[in-house]
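Below is one structure, written out as structure tokens, with a few remarks after it.
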Ligand SMILES: Cc1ncc(COP(=O)(O)O)c(C=O)c1O
């Protein structure tokens, strides 16, 4: 069987290495995974209680409308129930958006580097992808707008951006939305929005009424710590959501995942503690980077992209042998650097020691590829 022509130029998504594989490969007992921006503090213990209660009647399909979760979010976010769509992670929503709006002959505009699934799913739909380089980690919004033409269907904004962590501020976002043609869908991926505390962070929910071409994506995988259960959601105007529901599979989030998401969402103390601890550990880490003379992008997320004068693979290889999995920039479209998820304080202290040893070793040996 021959897959679509474009598949010859594509390959499957390569996730960060799994802990058990690394333990086996390097004969290590302890591995700290700081590669996929997961929550190092786990998830609310209220989730465990719910899972225990819900672990029955798996023969019954879940509620495809996710009614209970929908009701809680719509009330809390101040949007209509039908302004929400749920997915098997934000990943699935990205796929659904591409299937709904893109086809051969259309194009879509993304930043470079940014979250790779926008491009991946757009190419599968036969659309062409225009990539606009970031400026010092930030979206070049004016250049992105200047790339819009008659065939442009979607512009993707990732804020905070993965892998740089830079946030699009209120003023810049509003300027952008005002200028963006109303028949171009703007996808604002806010997977990391809970971690952003900058004073100029936009209140994006307030923009939905004014910009009916805007969709916001959020997820339970990051601050809520439910990456393994796969729940993400989109918030947009009724007409966008109606269209997405046509492409959405009828039972795309499980009952366990919906109930876990409800429990996690209600535990605002857990979320608050996660954010506070992450920000504190991020500050300590960036202070360390300053001290050792390594540069990094401004991050409003739960990760920091550390710039290196050499390939990120060098530091990645060194750290993995020493029990830390990070993400090499080579895999993220930014070869000279690594993206590091902010872990708990104990692990971060140990990580800093390892980075220091790496720098000492390579300064002695002459840091080169
Ligand atoms: C920017 C961004 N968007 C979306 C996702 C996908 O999230 P989910 O786990 O909800 O599919 C990620 C995951 O890393 C991400 O970094």
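The values are calculated or read from the model by the stated rules, or taken from the named source; none is laboratory data. This structure is a prediction, so every number in the text was calculated from the model and none was measured. With ideal geometry, Cβ positions are generated from the backbone for all residues, glycine too; neighbour counts draw on all protein chains shown.
Points worth noting:
- Top-ranked residue of region 228-243 - restricted to ones that are farther than 17 Å from residue 255 by Cβ and in contact with a helix residue (DSSP H, G or I) (Cβ under 8 Å, 6 or more places away or on another chain), ranked as nearest to the ligand (Cβ to nearest atom): 234
- Candidate set from region 86-110 (those that are in a strand (DSSP E or B) and more than 11 Å from the ligand (Cβ to nearest atom)); member that is farthest from the chain's Cα centre (by Cα): 107
- Residue within region 19-27 that is under 22 Å from the mean Cα position of the chain (by Cα), assigned to a loop (DSSP other than H, G, I, E, B) and surrounded by 13 or more Cβ atoms within 10 Å (Cβ to Cβ) present: no
Every residue, every condition in (1) touching a residue at least 60 places away in the same chain (Cβ under 8 Å); (2) surrounded by fewer than 20 Cβ atoms within 10 Å (Cβ to Cβ); (3) over 18 Å from residue 43 (Cβ atoms); (4) more than 12 Å from the ligand (Cβ to nearest atom), yes or no:
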| site | (1), (2), (3), (4) |
| --- | --- |
| 184 | no, yes, yes, yes |
| 202 | no, no, yes, yes |
| 211 | no, no, yes, yes |
| 245 | yes, yes, yes, yes |
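- Residue in region 157-167 that is more than 25 Å from residue 14 (Cβ to Cβ), in a loop (DSSP other than H, G, I, E, B) and within 13 Å of the ligand (Cβ to nearest atom) present: yes
- Residue within region 298-310 that is more than 20 Å from residue 36 (Cα to Cα), in contact (Cβ under 8 Å) with a residue 12 or more places away in the chain and in contact with a helix residue (DSSP H, G or I) (Cβ under 7 Å, 6 or more places away or on another chain) present: no
- Residue match in region 215-227 (condition: more than 16 Å from the ligand (Cβ to nearest atom) and in contact (Cβ under 8 Å) with a residue 24 or more places away in the chain): no
- Residue in region 59-82 that is loosely packed, with under 14 Cβ neighbours inside 10 Å, modelled with pLDDT under 95 and not in a loop (DSSP other than H, G, I, E, B) present: no
- Across region 111-133, the qualifying residues are those that are out of contact with any strand residue (DSSP E or B) (no Cβ under 7 Å at 6 or more places or on another chain) and more than 16 Å from the ligand (Cβ to nearest atom), and the one among them that is farthest from residue 150 (Cα to Cα) is 124.
- Scanning region 135-150 for residues that are surrounded by fewer than 20 Cβ atoms within 10 Å (Cβ to Cβ) and within 16 Å of the ligand (Cβ to nearest atom) yields one hit, 138.
- Yes/no for residue 351 being free of Cβ contacts under 8 Å to residues at least 60 places away in the same chain, at negative phi and more than 17 Å from the chain's Cα centre (by Cα): no
- Among residues that are at pLDDT 95 or above, assigned to a helix (DSSP H, G or I) and either surrounded by fewer than 23 Cβ atoms within 10 Å (Cβ to Cβ) or more than 19 Å from the chain's Cα centre (by Cα) (or both), residue 315 is included.
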